[in-house]
Amino acid sequence: MSVIDQLFNDLRTRNEKAFMPFITAGDPDLDFAATVIRELATRGCHMCEVGIPYSDPIADGPVIQASYTRALDKKTKLAQILKMLGELPTEITMPRVTMVSYAIVYRHGIERYVAEAKAAGVAGAIVPDLLVEEAADMAEVCRREDFSLIQLVTPTTPRERAVRIAESSTGFLYYVSVTGITGERTQLPPELIDNVGWLREQTPLPICIGFGVSQPEHVKLLSPVADGLIVGSAIVRRIAEASERPRENVLREVGEYAATLLEALK
Amino acid sequence: MSTTPSDISRASASVPDSSGRFGDFGGRYVPETLTRALDELTAEYGKAEADPTFQAELDELLHNYVGRPSPLYHAQRLSEECGGAQIWLKREDLNHTGAHKINNTLGQALLTLRMGKKRVIAETGAGQHGVATATACARFGLPCVVYMGSEDIRRQAPNVFSMKLLGAEVRPVESGSRTLRDAINEALRDWMSSVGDTHYILGSVVGPHPFPLIVRDFQSVIGSEAREQSLQRIGRLPTTVVACVGGGSNAAGMFYPFIEDAEVELVGVEAGGRSSQPGDHASPLSFGQPGVLHGSYSYVMQDEDGQTCDVHSMSAGLDYPGVGPEHSYWKDTGRVTYTNCQDGDAMKGFDALARCEGILPALESSHAVAKAMELAAQRGKDESVLVCLSGRGDKDANEIARLKDEGERGT
């Protein structure tokens, strides 16, 4: 059983939901990423998604794109990111997963990527451009290594396909709330709750909702149907200010924002 | 499409398979959000292919609207200048809108209507695909948004103006290198949100399945006509066929009907840019390695982390770090030879065609012209080199003047 399975088992036993912030590794730099991860863990976040910056991220909106660009402009390399993750203090038990393009995984080598990420304490990967049809090779390696390969279902996914994706996903199932790219939204689609509710009846796998989620009202609305909520752009946007403002202020604001959403989750 | 297994070459014409694979290459590496639309497109294209009324409607448009068949022209003075094989030009530059791109956009516009989609988006580099998409959308009354890198907007200004006159909205892309690659990223992002009612008319044989298949098929009219015209005019198949390769749509359309003619040598010409140093060229087949970009597995210019590298070509249409998966397949099977031509040599090809034949080729096509001249010079007078003259050079006049001015001033 992976640490992610363990996390959701524990949460389900306590009837609690997971809050999962996303950060970009290397924006403004890797030292600050490590500091933010520690802060998020201290605030009680349940899991952290670490975005591996990619030059051509087509599922990402302007906020995450810009953060990837800044990280790459600073020559942030995969080896440095994995080193930073591997050196996180052992008292941070909050699981980390990477959000990573298949372009990067393939170039690095699937086996090598999974082995090195696992050695750096990473529990799984979300590979947003690896469809279930193309995922067999990576899924096999991940299964062998007990490394979760978290797959995505979207509002455009036909229902029988959603079931097939759920069957091949491990750790949890990522439900993309909107037909679109990442980014904060004031309104979420009205059919979202019914769609996730339907999916819950099809799979025992925990379902976490991401894309567009950013406000305490969203959290309150969605937490009854989800096992967890993923917030990316709203966090990345705040962290981006660290290049211009005192880092301790930015860190505190990110922590307070996470605490607000954690509170709404209760 | 022929389904006869070929024993004369390892490259089969019966590709891709149902998952969009040309050998190992191709496939579909996109966010889940786009899968349904890609499946719909695959299904609709399959139906259209088998529907005589679709083919008849497309043929009628190609004949009366585009002006097909495009002529096969014997460039006698250019051949004499080279002193070797006879050079023949497949005149895609004489098509309506001045390039081969219209062959694909009309086909995809008809598919858009068949699927009941209400809006069209496209990317463009040189602007030829943007103009051809804007044209097809005007012809069928479809709203059209074209994404174009701001660097390309600068160097291909006449085409930007044309697109606007045709009623399209041109959205500048400021991210990354502000060229074709970034325009494709933005078009895909638009499609992520608009996929319910919008069709993305992709302009090259790149991207996720089924685009490399569909674009190749719509462009294969080039090679089918040229093959027939060669038999009639030359009396046999050409010795060598040459085409420029950016994403590779004109080359795929030109080469595909010749794939099983093992005696015909096929040569693809990438943009050699300033030099063979990384960042100075746009030649993934010559200098790159297989990887994933823009939804398919193919040769690409990437760093050791899988980040896409910046590339360079003076020609906006070839200034792209990736290439269509079928070209990767043809490279690895040895069926097509890929080489490259640097900016300066392409400019010489441009000058030679202008002065010997009174034809201003597009900067993209000039790469093929220059390589064809080099190959012709090495061959006998009874041999023939067929070149895909994929577009005309009017759009490049200002940029060429600027480049020549820079060259004279030694900058």
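Observations
- Scan of the stretch A:115-139 for residues that are touching a Leu at 6+ places or on another chain (Cβ under 9 Å), farther than 13 Å from A:Ser101 by Cα, of a type outside the set (Gly, Ala, Ser) and in a helix (DSSP H, G or I), ordered by number: A:Glu116
- Each residue in the stretch A:49-108 was checked for being under 18 Å from the mean Cα position of the chain (by Cα), more than 11 Å from every other protein chain (Cβ to nearest Cβ) and of a type in the set (Val, Ile, Thr), and 7 pass.
- Some residue of the stretch B:135-148 being part of a helix (DSSP H, G or I), modelled with pLDDT of 95 or more and within 19 Å of B:Asn250 (Cβ to Cβ): yes
- You will find that of A:Leu262, A:Leu229, A:Leu152, the residue that is more than 27 Å from B:Leu38 (Cβ to Cβ), touching a strand residue (DSSP E or B) at 6+ places or on another chain (Cβ under 9 Å), assigned to a strand (DSSP E or B) and at pLDDT 95 or above is A:Leu229 and no other.
- Residue check, A:Ala71 surrounded by fewer than 20 Cβ atoms within 10 Å (Cβ to Cβ) and among the hydrophobic types (A, V, I, L, M, F, W, C): no
- Being in a loop (DSSP other than H, G, I, E, B) and of a type outside the set (A, V, I, L, M, F, W, C) is a description that does not apply to A:Glu111.
- Test for B:Ala43: is it within 14 Å of chain A (Cβ to nearest Cβ), loosely packed, with under 14 Cβ neighbours inside 10 Å and assigned to a helix (DSSP H, G or I): yes
- Any hit, the stretch B:338-359, residues being in contact with a Pro (Cβ under 9 Å, 6 or more places away or on another chain), closer than 30 Å to B:Ala13 by Cβ and touching a residue at least 40 places away in the same chain (Cβ under 8 Å): no
- Residue that is farthest from B:Gly27 (Cα to Cα) [pool: residues in the stretch B:344-372 that are charged (D, E, K, R) and buried (at least 24 other Cβ atoms within 10 Å of the Cβ)]: B:Lys371
- Answer residue from the stretch B:1-50, given it is among the charged types (D, E, K, R) and modelled with pLDDT under 95 and is nearest to A:Glu133 (Cα to Cα) among those: B:Arg10
- Of all residues making up the stretch B:257-272, the number that are in a helix (DSSP H, G or I) and surrounded by fewer than 24 Cβ atoms within 10 Å (Cβ to Cβ): 1
- Test: A:Thr42 is away from every other protein chain (no Cβ under 14 Å) and either over 30 Å from B:Leu34 (Cα atoms) or surrounded by 24 or more Cβ atoms within 10 Å (Cβ to Cβ) (or both): yes
- From the list B:Lys395, B:Lys404, the one residue that fits, being assigned to a helix (DSSP H, G or I), modelled with pLDDT under 95 and surrounded by 24 or more Cβ atoms within 10 Å (Cβ to Cβ), is B:Lys395.
- Condition check for A:Asp56: of a type in the set (D, E, K, R), assigned to a loop (DSSP other than H, G, I, E, B), farther than 14 Å from A:Met99 by Cα and out of contact with any Pro (no Cβ under 7 Å at 6 or more places or on another chain): no
- If only residues of the stretch A:156-192 that are part of a loop (DSSP other than H, G, I, E, B) and closer than 19 Å to B:Arg28 by Cα are counted, the one that is farthest from the other protein chains (Cβ to nearest Cβ) is A:Ser169.
- Residues that are among the polar types (S, T, N, Q) and within 14 Å of chain A (Cβ to nearest Cβ) were ranked within the stretch B:306-327; the one that is nearest to B:Pro16 (Cα to Cα) is B:Thr308.
- Of everything in the stretch B:19-40 that is more than 9 Å from chain A (Cβ to nearest Cβ) and crowded, with 18+ Cβ neighbours inside 10 Å, the residue that is nearest to B:His96 (Cα to Cα) is B:Leu38.
- Residue match in the stretch B:273-284 (condition: surrounded by 20 or more Cβ atoms within 10 Å (Cβ to Cβ), within 17 Å of the chain's Cα centre (by Cα) and away from chain A (no Cβ under 14 Å)): yes
The values are calculated or read from the model by the stated rules, or taken from the named source; none is laboratory data. All figures in this text were calculated on a predicted structure; none of them were measured in a lab. Note: ideal-geometry Cβ built from the backbone for every residue, glycine included; neighbour counts use all protein chains shown.
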